[in-house]
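FYI, it's all coordinate maths here, none of it is from the lab. Bear in mind that the values here come from a model prediction, so they are computed numbers and not experimental data. Note that we place each Cβ from the backbone using ideal geometry, even for glycine, and neighbour counts take in every protein chain shown.
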Amino acid sequence: MNILKNPTTVKLLAVQIIKACDGYISLELSEKQFRELLFHYASQHGTKLFSSKGINPTIVNKIGKKRMD
């Protein structure tokens, strides 16, 4: 699975999260790998992932409601 660890834009970050979610659902990623990737995004790319109201609205719109749950 080709998932970027350091996406340059918010939209690219959303695409990478979609790939990770789909990989986890299709059992290509383990739960540990999935968590580590999300923790990496949160710690290293927090300004892209989060806003003052919680999760960045662009991320929420791109990944969709089901993936957010």
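Tally time: how many residues in the range 29-64 are surrounded by 14 or more Cβ atoms within 10 Å (Cβ to Cβ) and either in a loop (DSSP other than H, G, I, E, B) or among the hydroxyl-bearing types (Ser, Thr, Tyr) (or both)? Count: 6.
Considering each residue of the range 17-28 in turn, none proves to be aliphatic (A, V, I, L, M), over 13 Å from ARG67 (Cα atoms) and surrounded by 14 or more Cβ atoms within 10 Å (Cβ to Cβ).
Here TYR24 meets each of (1) touching a helix residue (DSSP H, G or I) at 6+ places or on another chain (Cβ under 7 Å); (2) of a type outside the set (Asp, Glu); (3) not in a helix (DSSP H, G or I) with one exception, condition (3).
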